[in-house]
Amino acid sequence: MKVIKFRTSISAKHQAKILECMPELTELHVGSGFLGSETTNWNENFHVNADTLRLWSVPHVFCLLYPTITHSTKNLQELWINVLNYGVNGLAEVLRRVNPNLQVLDLDALDLAAGSVWWGCFPNLIEFVTQFVAPATLIGIVDKCPQIEILDVSLAQKGSSAVAYVLAKCSKLRSFVGKGHMIDATRLVQNPAWVCCDIERLHIEVHGISRAGSQGLGTNEDQAAISSAARSLSIGVFERLGQLSKLQELDLGEYTPLPDQLEHAMEMAFGGGECICTRF
């Protein structure tokens, strides 16, 4: 048996007895009902053989077993946790017991806006997915997880420093998607070259470029309204993006039509390729 669902209240002692008979466990679902606060003695030989583990619980249910289960899964490569209301300290207790060679961590529906201390635990992490992170948390992940290739995160606080940091530091990055990935155009152009040359998916919102109004774009009056400096900055942005030669998906935020000459600059930068949407 690989999947077990506790749908009603059951003591930690009885949960332990059941799980000790399930060395092939890959999914644990914890249903409604408070599970108690007592501790229990586990069989010291308890071991979960799975390399992938999914832990589920309903909101506000505290599961005493998660730290022990993650500690007992010695070969764990992928961990997925859904709606775990531990708070930062409880989550850290679970993650500190996980195999340090973990490669995929998916904290679905968790809000890590308050930050966490887990990121130093997994130097070989390749993929990280969660709902929201604070910019400082994202920077911590980049610093402590140099092998990271996939970041599927939304920033809880919009700002360009964390986004610029990711693109400048993550040399193995293949996918950086989510909401709130804002960056200032001037900073984008002036910052050191991005090292993520193999990136294939990128969601980024570039701000800080002045533009003419949305009506009558292409007229002499509109062209005069866009300064030479702004045009140069726009072209610099597209040239920087155009250096990402392996890009397959580019989402630049809310769609707004571009002036004709900036459309041409984008086409030149991407070799006639297609981006999903633009915000300028």
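Remarks
- What the Cβ-Cβ distance of residue 124 and residue 232 gives, at R0 = 45 Å and to the nearest 0.05, is a FRET efficiency of 0.60.
- Over 20 Å between alpha carbons, listed pairs 13/74; 144/172; 179/246; 169/246; 144/179: 13/74; 179/246; 144/179
- Each label point was placed 7 Å from the Cα along the Cα-to-Cβ direction; for residue 144 and residue 101 their separation is 2.1 nm.
- Highest mean first, the peptides 126-133, 100-107 sorted by other C-beta atoms within 10 Å per residue fall in the order 126-133, 100-107.
- Using a simple spin-label model with pseudo-atoms 7 Å out from Cα toward Cβ, residue 187 and residue 74 lie 4.6 nm apart.
- Distances between placed amide hydrogens fall under 5 Å for residue 57 paired with 30, 82, all partners being 5 or more residues away or on another chain.
- Sum of side-chain charges, residue 244 neighbourhood, beta-carbon under 9 Å (Lys, Arg +1; Asp, Glu -1): 0
- Amide hydrogen neighbours beyond the local backbone of residue 182, cut-off 5 Å, H modeled: 159, 205
- The distance between label points at residue 20 and residue 207 comes to 5.6 nm (points 7 Å beyond Cα on the Cα→Cβ vector).
- Within the shell defined by Cβ-Cβ distances under 12 Å, the residues around residue 192 carry a net charge of +3, with Lys and Arg each +1 and Asp and Glu each -1.
- Proximal charge balance of residue 80 [Cβ under 10 Å; K/R count +1, D/E count -1]: -3
- Sites residue 47 and residue 172 - FRET efficiency at Förster radius 41 Å, r taken between beta-carbons, to 0.05: 0.80
All of the numbers you see were taken from the coordinates with simple rules; none came from a lab. In this text the structure is predicted, and so the values were computed from the model without any measurement. As a convention, Cβ positions derive from the backbone with ideal geometry for all residues, glycine included, and neighbour counts pool all protein chains shown.
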